[in-house]
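Some notes on the structure that comes next.
All of the numbers you see were taken from the coordinates with simple rules; none came from a lab. Everything numeric here is computed off the predicted structure, so don't read it as measured data. Because the Cβ atoms are built from the backbone with ideal geometry, glycine has one as well, and the counts that use them run over all protein chains shown.
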C-alpha cells in the first residue's frame with residue numbers, strides 16, 4: 001500500500017513538470033536562466049502555490065476514494 005501511495009504522489013509532480021517544460025519550450029525560456037533570475041519572494045510564492053495545489057489534489061483524491069467505496 002505504501003508503494004502505491006508514493007507512486008500516486010509522484011504522478012502530480014510529473015504532470016506539473018511536463019506542463020512547465022512545455023510552457024518554457026513554447027516561450028523559448030531556459031529553466032537555468034529562470035532559476036538564476038528569480039527573487040526569494042517569487043520562490044516563496046511558488047512554493048506556497050505548489051503546496052496549495054498538492055492539498056487540493058489530495059482532497060480531490062480523498063473525495064474520489066469515498067465515492068468509489070460508496071458505489072461498491
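For residue 28, the conditions (1) assigned to a helix (DSSP H, G or I); (2) loosely packed, with under 10 Cβ neighbours inside 10 Å all hold with the exception of (1).
If you check 35, 43, which single one turns out to be farther than 22 Å from residue 59 by Cβ and either surrounded by 10 or more Cβ atoms within 10 Å (Cβ to Cβ) or in contact with a strand residue (DSSP E or B) (Cβ under 9 Å, 6 or more places away or on another chain) (or both)? First the steps, then the outcome.
On the way: 35 fails: either surrounded by 10 or more Cβ atoms within 10 Å (Cβ to Cβ) or in contact with a strand residue (DSSP E or B) (Cβ under 9 Å, 6 or more places away or on another chain) (or both).
Result: 43 is the single residue among 35, 43 that is farther than 22 Å from residue 59 by Cβ and either surrounded by 10 or more Cβ atoms within 10 Å (Cβ to Cβ) or in contact with a strand residue (DSSP E or B) (Cβ under 9 Å, 6 or more places away or on another chain) (or both).
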